[in-house]
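One structure below.
The values are calculated or read from the model by the stated rules, or taken from the named source; none is laboratory data. Note that the structure is a prediction, hence the values are computed from the model and not measured. So basically every Cβ, Gly included, is an ideal-geometry build from the backbone, and we count neighbours across all protein chains shown. What goes into the accessible areas is simple: the full protein's heavy atoms, side chains included, and nothing from ligands, DNA or RNA. Shrake-Rupley method; radii C 1.70, N 1.55, O 1.52, S 1.80 Å.
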Amino acid sequence: NNGTTKPDWTKFVEPNMYTWEFIDGASNKELFFIVQLPHDYKEGSTIYPHVHWSSKVAAGTQRIKWVLTYQWVNHTENFAATSSGSASGDTLAGANPSRSVNAYEHVITPLGSGIGGTGKKISSILMCRLYRDGSDTTNDNFTGSGFLLSFDFHYEIDSFGSDSEYTK
């Protein structure tokens, strides 16, 4: 990330363990990254993005709204001039969304109900922007900082890989 809105690289826990800190408020700090779908991906299936995060203070029942904008393009296809999709989330995966969250707890927030993969192939690329939408005070009501632990996609597999370099 090279923008002026990047989150701060901050010490989260000792001894000197650092990660990205997304502060509260309407600043909408953002990170950018690129993902390639692996060769074991079941072509055409839905992928499920989610954020792993924590905080230094208890969030209680307050939540962070994480948003992912993306473009997903197959090999030999063209990217659009503007973003083609988004997914957001402010609840906890596999848990009661109103349950209390502790300080330093590992929290998982799913982003939407999945991204449909109709027509998507192995080696397709997702160009992504992940940000905290602090301007949405209804869904982002946590006044503390969110510390990014990880981001990933769960996806369905149907093989150990592919039989050729670019096709199943």
Candidate set: region 119-140, residues that are modelled with pLDDT of 90 or more and among the polar types (S, T, N, Q); chosen: the one nearest to the chain's Cα centre (by Cα): SER124
Boolean, ASP136 is out of contact with any Asp or Glu (no Cβ under 6 Å at 6 or more places or on another chain), within 20 Å of LEU31 (Cβ to Cβ), acidic (Asp, Glu) and open to solvent by 20 Å² or more (accessible area, probe 1.4 Å): yes
Any hit, region 124-138, residues being in contact with a Pro (Cβ under 6 Å, 6 or more places away or on another chain) and either assigned to a loop (DSSP other than H, G, I, E, B) or more than 22 Å from PHE22 (Cβ to Cβ) (or both): no
Residue match in region 79-87 (condition: among the small types (Gly, Ala, Ser), part of a strand (DSSP E or B) and in contact (Cβ under 8 Å) with a residue 40 or more places away in the chain): no
Residues that are among the small types (Gly, Ala, Ser) and touching a Ser or Thr at 6+ places or on another chain (Cβ under 8 Å), drawn from region 133-150: GLY134, GLY144, SER145, GLY146
Pair list, Cβ under 8 Å, 6 or more apart: region 149-166 residue touching a residue at least 60 places away in the same chain (Cβ under 8 Å) and under 21 Å from PRO49 (Cα atoms), other residue open to solvent by 100 Å² or more (accessible area, probe 1.4 Å) and not basic (Lys, Arg): LEU149/HIS106; PHE153/TYR48; HIS154/TYR48; TYR155/TYR48
